1. Among L570, C599, Y525, which residue has its Cα positioned farthest towards the positive end of the charge dipole of segment 517-631, with +1 placed on the Cβ of Lys and Arg, -1 on the Cβ of Asp and Glu, and the dipole taken about the Cα centre?
2. Using 0.36 nm per residue, how much length does the chain from D250 to N598 gain when fully extended, once their Cα-Cα distance is taken away?
3. Taking amide H positions as placed in the peptide plane 1.01 Å from N, state which residues far from T81 in sequence (5 or more) or on other chains have amide H under 5 Å from it.
4. Can you work out the Karplus-derived ³J(HN,Hα) for every residue in segment 209-225? Use 6.51 cos²θ - 1.76 cosθ + 1.60 with θ = phi - 60°, whole Hz, and x for glycine or proline.
5. Put D64, D576 in order of accessible area, largest first, 1.4 Å probe: what do you get?
6. Rounded, prolate or oblate: which fits segment 640-714, taking a ≥ b ≥ c as square roots of the Cα gyration tensor eigenvalues, rounded meaning a/c under 1.5, else prolate when a/b beats b/c?
7. Taking square-rooted eigenvalues a ≥ b ≥ c of the alpha carbon gyration tensor, is segment 115-165 rounded, prolate or oblate, where a/c under 1.5 means rounded and, failing that, a/b exceeding b/c means prolate?
8. Taking amide H positions as placed in the peptide plane 1.01 Å from N, state which residues far from H76 in sequence (5 or more) or on other chains have amide H under 5 Å from it.
Amino acid sequence: MKTRSNRQQPKGGDKKGGLLKKILSAALLIFGLALVLVLLRPGRSGFTASRGRDPYNVILVTVDTLRADRLGCYGHRPDATPAINKLAAEGLLFENCIAPTPLTLPSHTTILTGTLPLHHGVRDNGGFVVPAQLETMAECFQTAGYKTAAFVSAYVLDSRWGLNQGFDYYFDRFDLNRFEKISLMDVQRPASETISQALDWLDNNQEQKFFVWIHLYDPHSPYEPPESYSSLYSDDPYLGEIAYTDSQLDRLWFYLEKNKLLSNLLFIFTSDHGESLGEHQEATHGFFVYQEAIHVPLILVTPFEKFKGKRTSALVTLTDIMPTVLKMAGLSVPPEVQGQSLIPFFSKPEKPSRRPAYAETYYPRYHYGWSELRSLQDGRWKLIAAPTPELYDLKNDPNEEKNLVYLQGDVYKKLSRQIEQLEKKAGEKAIEPDFSSLDAATRERLAALGYLGSFLDPARLKGKKLADPKEKINIFNEISRAKELGLAGKLEEAITILIRILGEDPEIADGYFDLGNLYFKSKKYPEALQAFSRALELKPDNGFAATNIIYCYSALNQLDQAEEFVHQQLNRGLDDSQLYYVLGLNLAVAGKLDRALNCFQECLKINPRQAAAHNDLAGLYLILNDQPRAEEHLQAAREINPELLDLNYNFAQLREKQNRPAEAMEFYQKEIVSSPNHFKALFNLARLYRLQNRTEEELEVLRRALKANPEFPLTYFYLARNYLMTGQRYLEAVELVEKGLALKPEPQHLAFGYMLLAELNNRLGDRRKAEEYARQADRLLKARR
């Protein structure tokens with residue numbers, strides 16, 4: 001029998017207790033639902049929850065000119081790319097990633113700023129510099145306390161183009177002085193060298209949180225993989241380059257595994273653009289915006305098991321990389337970023353994409369005066385806005401062979417409206433390109449190599465009816481072939497092609513510019529002068545054609561005509577300080593120092609911040625022994641551009657004149673760091689070591705000087721002298737002197753060579769030869785008195 005409690009319940013207690021229970025139950029239900037919702041939110045249960053609060057290191061790898069459909073993980077033969085396939089197995093692969101342009105510098109600018117070319121304004125290689133006001137991904141990591149480093153493999157991404165913003169260390173070091181006698185295509189380095197530099201840096205910095213960008217260039221034309229790959233892929237050298245690059249990525253991944261760096265690493269793999277490989281009649285890239293040139297791989301690898309081996313078919317773009325990486329690392333995204341985070345796809349790879357992808361190329365417009373091309377695709381339909389518009393159904397026509405613009409009028413109108421709206425919105429706060437921000441010395445060096453061509457300011461074409469690039473592809477291919485032949489040294493064949501093309505289409509200013517370069521290389525200076533003059537006639541603001549005309553006059557020993565030409569151009573309104581600068585260079589080489597001084601001074605009146613003019617003016621004052629003015633202009637040059645070629649060399653020369661050898665040595669060493677093959681700096685540094693009896697250092701630097709310039713006799717003589725003074729390698733020293741004499745040194749140096757031979761043969765015990773060489777040296781010395 002149950003006993004009742006003696007405790008009396010308060011009046012109304014049952015009702016209140018029930019109400020309390022209901023409230024508590026409802027609260028628990030709401031809390032439970034909230035908890036479920038929190039746990040189900042993609043950002044929380046997905047990547048963000050997995051990451052936690054710990055900092056993660058980041059490595060971004062961009063492989064230049066890599067089209068997605070040539071990788072095993074994107075459906076191609078798997079044996080060529082096992083390392084990249086492994087990345088796909090370890091991460092999230094995006095099947096449909098679109099580059100904003102098929103050009104290296106503009107596309108990398110998008111990757112590292114999260115903005116379209118419509119905003120950042122970098123729309124071509126070689127004529128643009130990344131605006132300083134853009135906040136780069138590296139700057140975001142640097143601000144957050146990360147060590148930042150970049151390792152680039154091609155001059156097109158050299159620090160002078162501005163992508164070094166935010167990097168503590170930026171490995172470029174492309175010495176253009178090396179490229180006077182070889183192909184411009186050699187202004188790059190193989191993946192093995194770049195990866196080695198990156199691994200060396202990681203050896204010293206892996207204990208700190210870091211952001212590293214590695215750029216590999218090998219798939220870019222010309223397709224010349226290393227021997228083992230060229231034979232294995234003889235029928236497909238482009239794939240051979242990709243396979244070689246893959247092997248170097250395997251090196252990188254093995255290092256990361258060995259050093260246990262994968263457990264807190266976010267690894268991003270992508271490309272800047274693809275390669276046409278002859279599709280749509282385009283051999284390489286840059287001219288068209290078909291899929292083969294803008295469809296690129298994108299793989300995001302994290303340490304989290306739950307996100308491995310996933311794929312998504314959603315349409316994404318390279319603008320999305322920066323916001324994704326920053327959010328993956330737990331950092332804030334700058335407000336001007338136009339891409340969107342891809343983190344939701346880790347949890348929901350099936351998530352559809354609602355944003356169209358924009359791409360463009362202004363290459364035909366800037367270089368040939370033909371129309372630019374712009375495109376927009378939404379996952380199925382793709383519009384190419386051109387003088388003759390194109391519309392493709394990518395689902396049923398992935399090769400873009402059937403133009404449906406007239407059969408699908410409604411789709412065409414819809415995408416046309418969308419591309420106009422996107423361009424208007426993305427370009428609202430666009431940054432205007434600054435075509436004058438590249439320093440004068442670099443402009444001249446690049447123009448001489450044919451790198452810049454006759455770049456045309458787009459404002460001059462505004463309002464004109466421009467030709468459709470589709471109608472000009474054959475001409476473009478022939479001009480490109482002529483350039484390749486010229487770089488290969490087949491000058492006459494290249495000249496013949498260009499003459500034929502210009503006979504058919506005489507309005508192509510770039511054609512005349514290229515023809516002038518070929519004539520100049522052939523030492524046909526009158527013909528070069530005529531070609532450059534025609535290029536300038538077609539593009540009256542083409543400063544490169546104008547400066548090349550000055551070089552032609554100089555080669556013809558007609559510097560008076562060159563001066564007259566410069567004054568004519570300035571009088572007609574071509575107010576380009578470069579004209580005075582180039583004229584000054586040529587006058588200085590000819591020994592007309594007073595006139596050269598005047599040119600550099602006039603150059604600085606037009607552009608007081610032309611660092612190269614300050615530097616060369618200082619060089620002239622050094623020759624004239626006006627040390628205070630040399631110091632003044634060297635300091636001015638350093639303030640404007642401390643990385644300027646020959647700046648540290650001229651400082652060293654000045655410090656020597658001031659009898660400050662220790663400082664001179666430091667400046668020579670700085671010049672050699674930035675320009676490892678700077679022969680004069682190497683030779684002079686060796687001389688200072690010699691004066692201080694530092695024979696080992698002298699020997700090392702002399703060997704580097706000989707490698708940098710094997711045509712200078714005195715290097716052989718001083719190497720031989722070093723062996724003589726240290727009592728070693730006498731026979732080798734004799735050979736060195738004989739090589740130096742064979743180079744026909746100046747008369748004042750001949751006696752030194754024979755004196756060395758006399759002493760060396762004396763040490764070797766051949767007194768007859770020693771006496772004969774001593775007599776020859778004595779005769780030469782007496783003849784000079």
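The values are calculated or read from the model by the stated rules, or taken from the named source; none is laboratory data. For clarity, every value in this text was computed on a predicted model and none was experimentally measured. Here the Cβ positions follow ideal geometry from the backbone for every residue, glycine too, while neighbour counts run over all protein chains shown. Remember, those area values only see protein heavy atoms, side chains included, never the ligands or the DNA or RNA. Shrake-Rupley method; radii C 1.70, N 1.55, O 1.52, S 1.80 Å.
1. Farthest towards the positive end: Y525.
2. The span from D250 to N598 would gain 119.6 nm if fully extended.
3. G72
4. Coupling constants for segment 209-225: 5, 9, 10, 10, 10, 10, 10, 10, 10, 4, x, 5, 5, x, 7, 9, x Hz.
5. Most to least solvent-accessible, the answer reads D576, D64.
6. oblate
7. Here segment 115-165 falls in the oblate category.
8. Distant-sequence amide H within range of H76: L71.
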